[in-house]
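*Asks:* So that we are looking at the same thing, I have put the structure below in structure tokens.
Throughout, read-outs are computed from the coordinates displayed, never taken from laboratory work. Quantities reported herein were computed from a predicted structural model and do not represent experimental measurements. Cβ placement follows ideal geometry from the backbone for every residue including glycine, while neighbour counts extend to all protein chains displayed.
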Amino acid sequence: MDFRDGAHNLYHIIVAIGYLGLQLLWYFMQIIVSVWYHISIVGKLRYLAVVIESEEAHQTSKVIKLLQWLDSVGVKNVCLYDMNGVLKKSKDTIFQIMKNAKSIEEVNEDVTHHAPDHMTLEFVSYVDGKEAVAKAANLIFVENFKRHDIGGELDHQILLESHLNQALQIVGCKGPEPDLLLVYGPVRSHLGFPPWRIRYTEIVHMGSLNFMRYGSLIKAIYNFTKVRHNYGT
Amino acid sequence: MFSLRFPIALKNNLITYPPKRTTKPAPSSHYLHSINSQSHLFPSQSMIVTKCDTMAVVANNIPKVALGDEVEGGTSLDEDLTMPAELKMELMPKHVAVIMDGNRRWAEMRGLPLSEGHVAGMKSLKRMVKLCLSWEIKVLTIFMFSTDNWARSKVEVEFLFSLVERIVNSEIEAIMRERIKISMIGDSSKLPESLQRMITNVEESTKNHSKLQIIAAINYGGKHDVVQACKSVTKKVQDGLLHLEDINENIVEKELQTNCTEFPYPDLLIRTSGELRVSNFLLWQLAYTEFFFNQQLWPDFGKSEFVEALSSFQKRQRRYGGRHSSPSIQ
């Protein structure tokens, strides 16, 4: 009887040790894989945009979790967009929790070249897209009018892409073109993200924010790092 | 017991993959290709294609296959026009835009000259036009040549323009019979004069057609479209047709080159070859467009892939109704 009890206990101890060992091995593998992805991603993804369907954007806790995931893998420059400006309203809450994050307005240097010790967050909505382009064009026209007498010829050639770029900076659209744009929501559309900024942006639909997964996020970002851009050539 | 769920998803569910093929592509050999190894998809051509004269020889032997003809060696296109039961006519997108990507890769995989990839791409386009006609899609916008494509070799660029010219000229009878309206967006001033004349003539000849409008984006850039729209608005302000303070996004939108159609905003954008970008195409117009990215190379994009794209679009339409209504914007 004693022998059988002893053998039984020994069996349970071995199983428990084996279970613990496998768990430790599993967590170790996760750390290795995460570090490997982190090394692959850093430097290749300079600016990430996240588009969230406005109804889902009310889930601030999920948005914060997403930002924490991004921070953990080394993605430091993030633009958050939703059509109706819900995320803009949640800005204060997000900055309260993401203490190492700064707003793009606070960052003086080129946002893609800042030191990686903090995240830079940009909050954008529909008004920063098409409306901003119209404002920028208006600004250029006004400046052009000032250089000519009233009733004089307007110089149409003054309006080039570079001028619109500069004017957009002046009206407050400072963010660069994102390398990658992740869309969270039921629709496979960028929902009005500033059109001027997505010429060569990779667009990936991630599904609903309610079902967001760390693995899917990492895979989308990792896949981006493997893409070869031809830029039309 | 802990879960053996891997932290990284093993399968990408975000883009669709082509079905596995049973035949292997020819070994990569760009420059020499004999008639004996030609794919059955091409009509027989008595020529040996070499690197130096690839584009010119193929340009002179572009098969004259009209919209109404069957492709030699292939199945009857009339049978393939039947709309599958999974699609609903009332939920068809009004405007489909296509970035026809992958012609060159398709040719490279088969060891064919790059020009044959473009020829095969044109056949794929014809297939799509036939399907759009049958399934009552009103507008088809095709991204034929980007402002960025000038960086390609001069030989390829000239070949592409001559191919467009030849195909349109060979299809003009079918275009008139099917009442297809042809429009062009992009900066035509830099195109060869013969192509400019052809575009002008075909636009004029088809301006009253209404069954299907094909908008060919040639030397087109989305940013350039926005800039020229802003310039047009400037001109209207100068001419006293507009006040400066009236300039808003709606005014700019009316000046975009896609104002040549009743439905300027694509409902569905299809891009082939697995690329996940819009590449400076219709930047302003794509705000609410459903994206469908497919791994298939453009010459292989056929009816089944188009059905998949439309089915995906219609499922979302059924669930969420029509286009987004004007949002409460902040």
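*Asks:* Has segment B:226-242 got at least one residue that is more than 13 Å from chain A (Cβ to nearest Cβ) and within 20 Å of B:Val139 (Cβ to Cβ)?
*Replies:* no
*Asks:* So which residues in segment B:280-298 are within 12 Å of another protein chain (Cβ to nearest Cβ) and part of a loop (DSSP other than H, G, I, E, B), if there are any at all?
*Replies:* Initially, segment B:280-298 is screened for residues within 12 Å of another protein chain (Cβ to nearest Cβ), giving B:280-293.
B:Asn280, B:Phe281, B:Leu282, B:Leu283, B:Ala287, B:Tyr288, B:Thr289, listed by residue number.
*Asks:* Just the residues that are among the aliphatic types (A, V, I, L, M) and without any contact (Cβ under 8 Å) to a residue 12 or more places away in the chain, please, taken from segment A:160-187. Let's see the steps before the verdict.
*Replies:* Of segment A:160-187, the ones among the aliphatic types (A, V, I, L, M) are A:160, A:164, A:167-168, A:170-171, A:180-183, A:187.
The one that is among the aliphatic types (A, V, I, L, M) and without any contact (Cβ under 8 Å) to a residue 12 or more places away in the chain: A:Leu160.
*Asks:* What is the one condition in (1) under 16 Å from the mean Cα position of the chain (by Cα); (2) within 14 Å of chain A (Cβ to nearest Cβ); (3) free of Cβ contacts under 8 Å to residues at least 60 places away in the same chain that B:Ile99 does not satisfy?
*Replies:* Tallying (1) under 16 Å from the mean Cα position of the chain (by Cα); (2) within 14 Å of chain A (Cβ to nearest Cβ); (3) free of Cβ contacts under 8 Å to residues at least 60 places away in the same chain, B:Ile99 fails exactly one: (3).
*Asks:* Inspect all residues belonging to segment B:248-261 and state whether any of them is facing chain A (nearest Cβ under 9 Å), farther than 16 Å from A:Lys135 by Cα and outside any helix (DSSP H, G or I).
*Replies:* Initially, segment B:248-261 is screened for residues facing chain A (nearest Cβ under 9 Å), giving B:248-253.
Now restrict to residues that are farther than 16 Å from A:Lys135 by Cα: none.
No: segment B:248-261 contains no residue that is facing chain A (nearest Cβ under 9 Å), farther than 16 Å from A:Lys135 by Cα and outside any helix (DSSP H, G or I).
*Asks:* Mind listing whichever residues of segment A:127-143 are more than 14 Å from A:Gly172 (Cβ to Cβ) and under 25 Å from the mean Cα position of the chain (by Cα)?
*Replies:* From segment A:127-143, those more than 14 Å from A:Gly172 (Cβ to Cβ) are A:130, A:137, A:140-143; that's our starting set.
Listed by number, the list holds a single entry, A:Lys130.
*Asks:* Consider A:Trp26 carefully, then state whether it is touching a helix residue (DSSP H, G or I) at 6+ places or on another chain (Cβ under 8 Å), within 12 Å of chain B (Cβ to nearest Cβ) and surrounded by fewer than 19 Cβ atoms within 10 Å (Cβ to Cβ). Steps first, answer last, please.
*Replies:* Working: touching a helix residue (DSSP H, G or I) at 6+ places or on another chain (Cβ under 8 Å): no; within 12 Å of chain B (Cβ to nearest Cβ): yes; surrounded by fewer than 19 Cβ atoms within 10 Å (Cβ to Cβ): yes.
No, not satisfied.
*Asks:* Is at least one residue of segment B:191-203 out of contact with any strand residue (DSSP E or B) (no Cβ under 9 Å at 6 or more places or on another chain) and either within 11 Å of chain A (Cβ to nearest Cβ) or assigned to a loop (DSSP other than H, G, I, E, B) (or both)?
*Replies:* Within segment B:191-203, one or more residues are out of contact with any strand residue (DSSP E or B) (no Cβ under 9 Å at 6 or more places or on another chain) and either within 11 Å of chain A (Cβ to nearest Cβ) or assigned to a loop (DSSP other than H, G, I, E, B) (or both).
*Asks:* From the list B:Ser232, B:Ser170, which one is part of a helix (DSSP H, G or I) and in contact (Cβ under 8 Å) with a residue 24 or more places away in the chain?
*Replies:* Of the residues listed, the single one that is part of a helix (DSSP H, G or I) and in contact (Cβ under 8 Å) with a residue 24 or more places away in the chain is B:Ser170.
*Asks:* For segment B:120-156: of the residues being farther than 15 Å from B:Glu305 by Cβ and among the hydroxyl-bearing types (Ser, Thr, Tyr), which is surrounded by the most Cβ atoms within 10 Å (Cβ to Cβ)?
*Replies:* My answer is B:Thr141.
*Asks:* Let me ask something additional. If I ask for residues that are within 7 Å of chain B (Cβ to nearest Cβ) and out of contact with any strand residue (DSSP E or B) (no Cβ under 7 Å at 6 or more places or on another chain), which ones from segment A:197-212 would you list?
*Replies:* Taking segment A:197-212 and keeping what is within 7 Å of chain B (Cβ to nearest Cβ), we get A:198-205.
Across segment A:197-212, the qualifying residues are A:Arg199, A:Tyr200.
*Asks:* When you check B:Lys126 against the structure, is it more than 24 Å from B:Gln285 (Cα to Cα) and touching a residue at least 40 places away in the same chain (Cβ under 8 Å), yes or no?
*Replies:* In short, yes.
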